[in-house]
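Let me begin by presenting the structure, written as structure tokens, before commenting on it.
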């Protein structure tokens, strides 16, 4: 019978979470850049033909995507800050003897 895999390091340790957050922030920045580029493209189409309703709606949609990517970065950063605050609180609690798992911490952060 095969033995269960027991990782040496935490799967969701602070370093890994920070690396994932950085990657997501970089991807959101790229998404925002492309959405603003699409907005400029549709804006030029509307400037050429003000009656083009499709270009107008796509222009608005591209702005929504750009704003959503910005909001997602803010959410990611707030979660990382909450995680750091929770980690500091858990260090003080751990010295008193109580310990929480990473999954319960993330669940608590998402429910706040």
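When region 1-32 is filtered for residues that are closer than 30 Å to residue 67 by Cα and loosely packed, with under 12 Cβ neighbours inside 10 Å, the ones remaining, listed by number, are 15, 19, 23, 26, 30. Within region 1-19, the set of residues being in contact with a helix residue (DSSP H, G or I) (Cβ under 9 Å, 6 or more places away or on another chain) and outside any loop (DSSP other than H, G, I, E, B) comprises 14, 17, 18. Residues in region 51-78 that are buried (at least 16 other Cβ atoms within 10 Å of the Cβ) and within 12 Å of the chain's Cα centre (by Cα): 69, 72, 73, 76. Keeping to region 37-83, report how many residues are touching a helix residue (DSSP H, G or I) at 6+ places or on another chain (Cβ under 8 Å) and within 26 Å of residue 23 (Cα to Cα). Within region 37-83, residues that are touching a helix residue (DSSP H, G or I) at 6+ places or on another chain (Cβ under 8 Å) and within 26 Å of residue 23 (Cα to Cα) number 16. Of all the criteria given as (1) assigned to a helix (DSSP H, G or I); (2) over 25 Å from residue 111 (Cβ atoms), the one not satisfied by residue 50 is (1).
Read-outs throughout are calculated quantities, based only on the coordinates presented, and are distinct from any laboratory measurement. No experiment lies behind these values; they were computed from the predicted model shown. Note: ideal-geometry Cβ built from the backbone for every residue, glycine included; neighbour counts use all protein chains shown.
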